[in-house]
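Novice: Please read through the structure below; I'll follow up with questions.
Every read-out reported here was derived from the displayed coordinates using simple, explicitly stated rules and does not represent laboratory data. Just so it is clear, the model here is predicted, and its values are computed rather than measured. Here Cβ is always computed from backbone atoms with ideal geometry, including for glycine, and neighbour counts include all displayed protein chains.
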Amino acid sequence: GDGAFVPAVVIGTGYGAAVAALRLGEAGVETLMLEMGQQWDKPGADGNVFCGMLKPDERSSWFKSRTEAPLGSFLWLDLVNKDITPYAGVLDRVNFDQMSVYVGRGVGGGSLVNGGMAVQPKRSYFEEVLPQVDSAEMYDRYFPRANSVLRVNNIDKGWFEDTEWYKFARVSREQAGKAGLGTTFVPNVYDFDYMRREADGQVPKSGLATEVIYGNNHGKQSLDKTYLAAALGTGKVTIKTLHQVKTISRQRDGGYVLSVEEIDAYGKRVGRKEISCKYLFLGAGSLGSTELLLRARETGALPDLSSEVGAGWGPNGNIMTARANHIWNPTGAHQSSIPALGIDDWNNPDAPVFAEIAPMPAGLETWVSLYLAITKNPERGTFVYDKANDRANLRWTRDQNTPAVNAARSLFDRINKANTTMYRYDLFGSKLKNFADDFCYHPLGGCVLGKATDLYGRVSGYKNLYVTDGSLIPGSIGVNPFVTITALAERNVERIIKQDIAA
Ligand code: FDA
């Protein structure tokens, strides 16, 4: 290796990583970010940076020979997925034995592929999940800070009521209302002013052109446009792409050495290097950070890591489901791919559910109402190190999702009953399946705050080693998680810089 030394390294460029890099840069600390995915700013042959959802190409997927879309079928036919050349595309689906996890790959991590929904958790639930964190400080200072840098904005309510693009959401709201259920508007980082101009035909369409999970060519204020742009603006932060950190070890002087593999966009190895640093921040996400620490513990590179590393993982209770509407209740051929409304039944003591009303942007009328339900599932999984394949395996069984399915079922049974409608059974694979219980968008935990780390993400057993991403959150937060990940990182990194680095 070239033995390069930098004072601080941040692994990954998702939410937690981006907060760490910005605040380190502002504190004047020379910081290197290592990202296994690409920088998404160069247009392809079609003039677009990202490919669309309905005609995916190699840009869609992280080294797959066929796309693996979450809605894999329609009328049981696999109309959506396409054969592609393996490439460093933007969306990955990590397939464990009984759970698949979708994650973003590239500068911006999950912000490149997610729905942009920017939701603060209910304060009482935040206090239940992270009781050792001062919630007053979070809700007064760090959530507002995160929302402001992320550029969270709200849909204009008058426009929402009028536009054909949100008819699907209004239909679902009315049906929920018939069952006595209330809805709430969901803030987003997609620029709703841009979307209105899309609707008016003034600018190129993105959210109104079915773009989302393979990236938005316009409108979405992903991290590369917010936190990471500000981090680079400090002049102290550098990002290296297509650099995957493989191992972490410790030097005699207490610093850390990373072995890093560099590839080209088609997966060819172009080099292996060693990079050393004094301060190391893990922001590789719940899967990535946990795997790096597990590997370090189990291979003896960092033997003093806690036995809690790998524990406390959960899918945030994610369950997708869909309903078939009556012929007189169409949901619209034109649907914005950016959700704006959620059914809020979180205060239901038997089965708390927050269900975002998701679009089914197929470009034609489907009469489908689609939902991503977030439920309170107490089941947890554990990552274990698989030595033969040098990777982390997830111990999680399908039946651990039964509490989540039951909660979603109790809510949507009510809606179906009140509207004399039924579930769709054709959208989630080959068999008769009305609840998608085998994948998630919200992996959380693996290096839980106060268990594998101290109360600020300092990794137990080692100095100057920090976790700063979704792996700190113990498996559930009750809403879409990135605002919480960002705000918690703001809180932790502020303390770490003040006490460990500036001092
Ligand atoms: P995140 O996963 O964002 O970033 C980790 C980064 O590290 C990635 O860029 C990865 O490539 C990189 N990395 C991993 N291992 C590495 C290694 N060894 N070396 C170098 N780099 C490495 N949430 C929400 O709040 N609202 C929403 O609307 C949605 N919608 C949604 C849709 C879809 C399709 C997905 C997949 C996800 C969502 N989410 C969401 C979830 C949200 O995107 C997710 O919770 C956050 O991105 C997690 O942030 P982290 O900082 O933990 O890691």
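Novice: Based on the mean of other Cβ atoms within 10 Å per residue, sort peptides 376-382, 311-317 so the most packed one is first.
Specialist: Ranked from most to least packed, the peptides come out as 311-317, 376-382.
Novice: For helix 482-496, report the angle its Cα long axis makes with the longest principal axis of the Cα atoms of the chain; keep it between 0 and 90° and round to the nearest 10°.
Specialist: Here the helix axis deviates by roughly 20 degrees.
Novice: Could you please rank Val101, Val94, placing first whichever residue has the fewest other Cβ atoms within 10 Å of its Cβ?
Specialist: The fewest-first ordering by Cβ neighbours comes to Val94, Val101.
Novice: Pairs of Cα atoms under 8 Å, at least six residues apart: use those to get the relative contact order of the chain, whole percent.
Specialist: In percent, rounded to a whole number, it is 23.
Novice: Aspartates and glutamates near Lys417 by alpha-carbon distance under 15 Å, same-chain residues fewer than 8 away left out - which ones?
Specialist: By straight Cα distance, Lys417 reaches Glu174.
Novice: Follow-up. How far is helix 167-178 tilted, in degrees, relative to the longest principal axis of the Cα atoms in the chain, given as a value from 0 to 90 rounded to the nearest 10?
Specialist: Long axis of 167-178 versus the principal axis of the chain: about 70 degrees.
Novice: A follow-up question, please. Give the cross-link partners of Lys451 among the lysines, using a straight C-alpha distance below 30 Å as the criterion and excluding same-chain residues fewer than 8 apart.
Specialist: Leaving aside lysines fewer than 8 places away in the same chain, those within reach of Lys451 are Lys122, Lys246, Lys278, Lys376, Lys387, Lys463, Lys498.
Novice: What does the highest-first list of 250-258, 464-472 look like by mean Cβ count within 10 Å?
Specialist: 464-472, 250-258
Novice: Using only the alpha-carbon atoms, how far is helix 285-298 inclined from the longest principal axis of the chain? Give it as 0 to 90 degrees, nearest 10.
Specialist: The answer is roughly 40 degrees.
Novice: Beyond 23 Å, how much of the Cα-Cα pair distribution for segment 349-503 remains, as a whole percent?
Specialist: 53
Novice: Which listed residue (Ala388, Gly28, Ala358) has the Cα farthest towards the positive end of the charge dipole for the chain, taking +1 on Lys and Arg C-beta and -1 on Asp and Glu C-beta about the Cα centre?
Specialist: Ala388
Novice: Further, regarding this structure: Would you mind working out the magnitude of the charge dipole of segment 1-157 relative to its Cα centre, with +1 at each Lys and Arg C-beta and -1 at each Asp and Glu C-beta, to the nearest 20 Debye?
Specialist: Its charge dipole is roughly 360 debye.
Novice: Here is a further query. If you split all Cα-Cα distances of segment 1-76 into 10 Å bins from zero, what percentages do you get per bin, shortest first?
Specialist: Histogram of Cα-Cα distances, whole percents per bin: 14, 30, 27, 21, 6, 1.
Novice: Sort 234-245, 479-490 for me by packing, meaning the mean count of neighbouring Cβ atoms within 10 Å per residue, highest on top.
Specialist: Top of the packing list down: 479-490, 234-245.
Novice: Among the lysines, which fall within straight-line cross-link reach of Lys220, defined as a Cα-Cα distance under 22 Å, with same-chain neighbours fewer than 8 residues apart omitted?
Specialist: Filter leaves Lys42, Lys55, Lys157, Lys167, Lys205.
Novice: Related question: Project the alpha carbons of segment 218-344 onto their principal axes and report the range along each, largest first, in whole Å.
Specialist: 71, 38, 31
Novice: Where does each of Cys51, Cys447 land when they are ranked from fewest to most other beta-carbon atoms within 10 angstrom?
Specialist: So the ranking, lowest neighbour count to highest, is Cys51, Cys447.
Novice: Another question about this same structure. Could you derive backbone 3J(HN,Hα) for segment 238-247 from the dihedral phi with the Karplus parameters 6.51, -1.76 and 1.60 (θ = phi - 60°), listing whole Hz in sequence and x where the residue is Gly or Pro?
Specialist: 3J(HN,Hα) across segment 238-247, in whole Hz: 10, 10, 10, 9, 6, 10, 9, 6, 9, 9.
Novice: Work from the charge dipole of segment 176-331 (Cβ charges, +1 for Lys and Arg, -1 for Asp and Glu, about the Cα centre) and give the residue of Ala284, Tyr194, Thr299 farthest towards its positive end.
Specialist: Final value for the positive-end residue is Thr299.
Novice: Given Cβ point charges of +1 (Lys, Arg) and -1 (Asp, Glu) and nothing else, what value in debye, to the nearest 20, does the dipole of the chain about its Cα centre take?
Specialist: About 360 debye.
Novice: Points 7 angstrom from Cα along the Cβ direction at Arg123 and Glu26: gap in nanometres?
Specialist: A separation of 2.4 nm, rounded to one decimal place.
Novice: Something else now. Taking θ = phi - 60°, what integer Hz values does the Karplus form 6.51 cos²θ - 1.76 cosθ + 1.60 yield along segment 438-446, in sequence order, with x for Gly and Pro?
Specialist: Calculated HN-Hα couplings, in order: 10, 9, 8, 9, 10, x, 9, x, x Hz.
Novice: State log₁₀ I(q)/I(0) for the chain at q = 0.06, 0.10, 0.12 Å⁻¹ as given by the Debye formula over alpha-carbon point scatterers of equal weight, solvent excluded.
Specialist: Relative scattering, expressed as log10 I(q)/I(0), comes to -0.25, -0.73, -1.07.
Novice: What value in Å³ per residue do you get for the convex hull of the alpha-carbon atoms in segment 423-478?
Specialist: 99
Novice: Along the Cα-to-Cβ line of Ala333, 7 Å from the Cα, sits a label point; which residues in segment 157-201 have backbone N less than 15 Å from it?
Specialist: Inside the label zone: 164-165.
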